[in-house]
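To start, the structure itself, in structure tokens.
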Amino acid sequence: MKKFLVYAFLLSSILSYSQGSLVLVGGGGESNGGWSDAPYTWALDQSQNRKVAVIYYSRSTSWIPEYFMDLGASDTAKFDIDNLTLANSQATYDSLMQYDVFFIKGGDQWDYYNTWKNTKVEDAITDKFNQGGVIMGTSAGMAILSEVVFTAENGTVYPDEALTDPYNWIDIALNDDFLGIFQGYIFDTHFVERGRFARLLVFMANWYQNWGTQRKDGIGVDDRTVLCIDTNNIGEVMGSAAVTIIENNVWFNSHISKDTKYTQLLNGHKYNFDSKQIVNGSTNIILEPTPPLNPILYNNYTNTLLVSGSDSLEHMDKFLCELDSAHGQIQDDIYIYTTKPNRADLLANKIDQLNNPNTFIVDISNGTNLPSTDFSAPNKILFYENDWDILKDFLNNATNGNILKNKLKDGITITAFAGQDSKFIGTTFCSNLHNDVYASYYGNLEFEKGLNLIQKSIFMPNTFDKYTSSYYENTTSAIPWAMATDTLAHGFYLSYDSYLVIQQSANKKSVYQREGRIILLTNEGTTAEKVSSYVYSSQNFLRQIVGFDNFRIKCQNFISWPVVEWGSVTNPSAINEHNTPKGKLLNITNILGEQTIEKRNTPLFYKYENGKVEKKIIID
């Protein structure tokens, strides 16, 4: 009888506990009366005793505890746990467990990892969550709550560094031996303002390549934005920007990300992490599958086109060498069209140093007074350092400009765009990216119609460059904003050391990645909407962020494969620019039909959501 009572007691104790709630804060200073009120109050409402423990690895102020009291906490306490002795104290554990809400502050996740790993503090956090408590983390405090953690043991990693060396396992320090509160994911914070979507893609690929037997999905939370996940594993977004969810589709060697589902959720949107389905998402803007569906004719643009991602001459050597040597005749005359001849002269000198002295600078500002042969004669043309208004007026209203515009689409002339001129080749471009680092934050980004050489597209040169990192929120948010509001199909993020080659063949148009890495964002049909939640209740602006249910994101390693191809073998007179999505990978089987993990040098069958099955052998 006693044994039965003991078992009954243990069973009732187990049943009274369940997985707790998570509050994932992307960073940014809390605002009493602003963006943080709703999610922080939500945390209090999920707890039993509304008592909050504010935990930090160093000395902290009393502002956060006082803020929670203003929101209705019954009690708060500040725990500055800055050494192993204190972290491993039973008294610390006992004190912490009196509180039902743990708030872990920002800072440096390595300090948390190094100070709290395998201590009573780690036990307290995991025990409280498993007993139904509420675990909150902001910035670094959020980053340590995922199963796989970027520990920052060797310092932070910037997006350009991550893309340059994606499988570096020393600087990109990932581990799964800390808290592991939210299984199956890697977290990142300050997402849009620091351009970290590229970094998170690399984290996911790096883990799978170097350490993992299973792919991990990614969650990125913007500053002043929160993802609240309840005990039923339903996440709700609150705040001024977006939460990004990336379903992992990394591949050994070939891709950092291969046609991966990429979702952005805004304030009020909900997501079921068990089924990986949106419960309540974007509805205001309907984007048809790769719009529009009517074909894009070949006479739109058939010239060979080179597009540089760099603003700096030091990263243009291979781009310029390919322009000179790989297309047309070697040492053909190269005509540089510019409105800033002094800047173009530096580029001409660079080309001369690379063994092509046949370079001519044409000042478009004086283009009406120049002989027509300056625009009709060249076989290779390069646009660099142009004022858009002057260039547009010249192409549309001048006789010589009309000659040059015809050269752009004659199907013969080798054409190149370098520096910020690269953004002109798409349907739409952002015209004031570098005027104000807060342009996107204050909703002031401006867009204009480009040359539309590559239809239904937007190009972002120099997206990831440590020297222009202050503009990352602008460069990161501008592409999805334009894709949603201008119904575009493709957005190309070019890093500082990359360039593209776009070529036409008999029945298709192919985009090849050269140096560096580009990231391709694709709209295959989804719904979207603009952000509608303010940072502060008193402000009169909205951030330039959009939510969308299903874009696709791709970043590959190899230069021999096209990043994307458009065309039809059965209808070689038109390009639909539409790829039927395979969807998410469902399973991998061997020749016996048995499910397995990805293996090298072994024939395997890959089944996708659309029913397609591919046979592949990955060769070492």
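The values are calculated or read from the model by the stated rules, or taken from the named source; none is laboratory data. Quick caveat: nothing in here was measured; it's all calculated off a predicted structure. We place every Cβ from the backbone using ideal geometry, glycine too, and count neighbours over all the protein chains shown. Areas reflect the complete protein model, heavy atoms only, side chains present, ligands, DNA and RNA absent. Shrake-Rupley method; radii C 1.70, N 1.55, O 1.52, S 1.80 Å.
Over the chain, what is the percentage of antiparallel beta bridges among all DSSP beta bridges, to the nearest 5?
Within the chain, antiparallel bridges account for around 60 percent of the total.
Leaving ligands, DNA and RNA out of it, report the carbon-plus-sulfur percent of the accessible area of region 388-463 at a 1.4 Å probe.
Whole-percent figure for carbon plus sulfur exposure: 44.
Dipole of the chain (Lys/Arg Cβ +1, Asp/Glu Cβ -1, origin at the Cα centre): which of T485, I278, Y67 lies farthest to the positive side?
I278
What pairs from K405/K508; K380/K405; K261/K554; K340/K392; K51/K117; K51/K78 go past 21 Å between their alpha carbons?
Exceeds cut-off: K405/K508; K51/K117.
In the chain, which longest range has no GluC sites (Glu not before Pro) that are both DSSP loop (not H, G, I, E or B) and surrounded by at most 13 other Cβ atoms within 10 Å?
Free of exposed loop sites, the longest segment is 1-445.
As a check on your grasp of the helix formula, calculate [θ] at 222 nm for the chain: sum -39500 (n - 2.57) over DSSP H runs of n ≥ 4, divide by the residue count, round to the nearest 500. Please list the in-between numbers first.
Numbers: 16 runs with 147 residues, N = 620.
Counting only the DSSP helices, I get -6500 deg cm²/dmol.
Provide the net charge surrounding A242, with neighbours chosen by a C-beta distance below 10 Å and charges set as Lys +1, Arg +1, Asp -1, Glu -1.
Numbers: positive: R543; negative: D222.
Charge balance near A242 sits at 0.
Towards the positive end of the charge dipole of the chain, with charges on Cβ (+1 Lys, Arg; -1 Asp, Glu), say which of I545, Q595, I334 has the farthest Cα.
Farthest towards the positive pole: Q595.
Taking the Cα atoms of region 431-522, report the difference between the largest and smallest coordinate on each principal axis, in whole Å and largest first.
That gives 46, 28, 20 Å along the principal axes, largest extent first.
Could you order W169, W63, W388 by accessible surface area, starting with the largest, using a probe radius of 1.4 Å?
Of W169, W63, W388, the descending order of accessible area is W169, W63, W388.
From the C-alpha gyration tensor of region 312-461, pull out the three semi-axes of the equivalent ellipsoid (sqrt of 5λ each), sorted largest to smallest, in whole Å.
In descending order, the three semi-axes are 25, 19, 15 Å.
Which one is right for this structure if Cα extents along the principal axes in Å is calculated from it: [x] 85, 63, 53; [y] 87, 53, 46; [z] 101, 62, 44?
Read-out taken from this structure: [z].
Considering only the other residues whose Cβ falls under 14 Å of the Cβ of A478, what net charge follows from Lys and Arg at +1 and Asp and Glu at -1?
Net charge in that neighbourhood comes out at -3.
Put +1 on the Cβ of each Lys and Arg and -1 on the Cβ of each Asp and Glu in the chain; which of L604, Y496, N366 then has its Cα farthest toward the positive end of the dipole?
Positive-end residue among those listed: L604.
Work through the residues other than Q331 whose Cβ is under 13 Å from its Cβ and net out their charges, Lys, Arg +1 and Asp, Glu -1.
-3
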